[in-house]
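Written out below as structure tokens is the structure these notes cover.
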Amino acid sequence: MASLSVKPGQRFTLPDWQNNSILISADAEQQRYNSHHIRQEGRALRNETGNQARWDEHNSQTQLKDRIATVDRWRETLARLLTEIDLEIDALTKIKEAAENAIQAKNLCLDVAIECLTFRESRRDIDVVRDPVEEELLKEVKVIEKTKKELQQRVDDAFKQLCLLKEARQQLSSDYRHKVEALELDRQCVSFSPTSGNISFKVNPTRVPYGTTALSEWEQNSQRNKELGEAELKASVDLRGAITLTIAQTNNELDAQRIATEFALRKRIRDMEAALNELRWQEQNTLEEIAEVEEDIRQLEEEIRKRTLDLKVAHTRLETRTYRPHVELCRDQAQCGLTDEVQQLEGIIRALQQKRTQLQDALDALYRQLHRIRTDIGYKTNSLQLDNKCMDTRKKLVVPVEKFEPEVDAVNRTRNLPRKSQLELA
């Protein structure tokens, strides 16, 4: 009879088998519980991160749009300033040209004044006098030169202001271009979305680029550029007003001086004949005074001669008394009196000589004056002819410089100015 072959091995008991089944069931339930918990956490995290990502993207989008609006406002401000500066540069250039034309317009007046002075240089000797006519002519030349200098200074100021305006414009233009570029980049950033084709990972995108500025510094720079442009605009407008006023004032000064010069010239011509009569009367009185001075000089010389003899006597007495013997050579009252007499006589002679010198100088002056008076009568006739010639020359000036008032267009900031000043000849 065959027997059943049984492989030897471990045998578990029934309780072990039951416990194993229970353990497997418990582990399955625990794993399902853990998986369910993780799934719930994943769903919550997905919802939370999705909401946070959408909110962050919305916040970034809003901040970008706000930044675009801020930069765009500054861009519009800078564009307005650039337009105003361009208009102001054009207006200041025109008023500068008007000032240059006004300088050129003064040349005819200056030529006439110098011509009159040249005519009057032909006066002879004593008649070459700084009379009111010459004073007014010289003053007229100074006024013309002063007005030209003032106008030239205004031209120089206008040139400098134009340089400052152009410099401010260049700085504003640079800032304007930078803001336009920044706007384009920020608008491009606003247009990006997860479906955009040109998005990708970048190397260290959160780095702070070299040259990055703080927001306050950016605002200060924009405000500084704006204030600079406005300040230069105001300075230019004020300068244009000052140039217009200077042109009007210089024209008025020159007209007033021209009238004063011609008035003095007419008065000088009227006074010339009276001066001739006065010279004849002065000639007679000078001759009488010369005679009296010559007589006084003769009397002073006689007095000096007498006092000199008295001084010789006193010197001789003093010298003679020096030969007294021994103790007799004392300083007695006679010695002191003689010494005082010498000192007094020397002082008297010096005073008389000084007065004689003064009288001689006065006599020489009288003779020179007499010569001038006698020759001046002929000079006066020559001067009268020259002054009449000056009057004929000044008739060239009907109106020295055509007056004009620059017309200001407050809206367009332009001034309509004549390109060339017109001179009207008689």
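The values are calculated or read from the model by the stated rules, or taken from the named source; none is laboratory data. Quick caveat: nothing in here was measured; it's all calculated off a predicted structure. Positions of Cβ are generated from backbone atoms using ideal geometry, with glycine treated the same way; all protein chains shown enter the neighbour counts. What goes into the accessible areas is simple: the full protein's heavy atoms, side chains included, and nothing from ligands, DNA or RNA. Shrake-Rupley method; radii C 1.70, N 1.55, O 1.52, S 1.80 Å.
Taking the range 258-290 and a reference point 7 angstrom along Cα→Cβ of K355, the backbone N atoms nearer than 20 Å belong to 289-290.
The value of relative contact order for the range 100-246, using C-alpha pairs under 8 Å at least six residues apart, is 35 percent. Note on the chain: Kirkwood radius taken over Cα pairs, Stokes-Einstein applied at 20 °C and 1.002 mPa s, translational D equal to 61 µm² s⁻¹. Spin-label model, A248/L23: points 7 Å from Cα along the beta carbon direction are separated by 11.4 nm.
Here the accessible area of the chain is 54 percent carbon and sulfur, with a 1.4 angstrom probe and all protein chains present. Less than 14 Å Cβ to Cβ from R270, Lys/Arg counted +1 and Asp/Glu -1: what total charge do the surrounding residues give? Result for the neighbourhood of R270: -2. Listed as lacking a disulfide-compatible partner in the chain: C109, C163, C189, C330, C336, by the criterion of no other cysteine Cβ under 4.7 Å. Restricted to Cα atoms, the range 252-312 shows a radius of gyration and a Dmax of 24.8, 77 angstrom.
Kirkwood radius, the range 217-363, all distinct C-alpha pairs, inverse of mean reciprocal distance: 24.8 Å.
So for the range 139-294, considering every pair of alpha-carbon atoms, how many percent are separated by more than 28 Å?
Of all Cα-Cα distances in the range 139-294, 63 percent exceed 28 Å.
Computed extension length for E135-R11: 29.7 nm, one decimal, from 0.36 nm per residue of separation with the Cα-Cα distance subtracted. Working note: 222 nm ellipticity from helices only, DSSP H runs with n ≥ 4, each -39,500 (n - 2.57), summed and divided by the residues of the chain, gives -30000 deg cm²/dmol to the nearest 500. Legend: distances between Cα atoms for K142/K380; K139/K267; K106/K139; K139/K380; K267/K389; pairs beyond 19 Å are K142/K380; K139/K380.
Here the relative contact order of the chain, from alpha carbon pairs under 8 Å that lie six or more residues apart, stands at 28 percent. Accessible area of Y176 (1.4 Å probe, protein heavy atoms only, ligands and nucleic acids ignored): about 60 Å². Accessible area ranking (1.4 Å probe, heavy atoms, ligands and nucleic acids excluded), largest first, for F192, F201: F201, F192. Classify the range 14-138 as rounded, prolate or oblate from the Cα gyration tensor: take a ≥ b ≥ c as the square roots of its eigenvalues, call it rounded if a/c is under 1.5, otherwise prolate when a/b beats b/c and oblate if not. Prolate shape, in that a/c is at least 1.5 and a/b is the bigger ratio.
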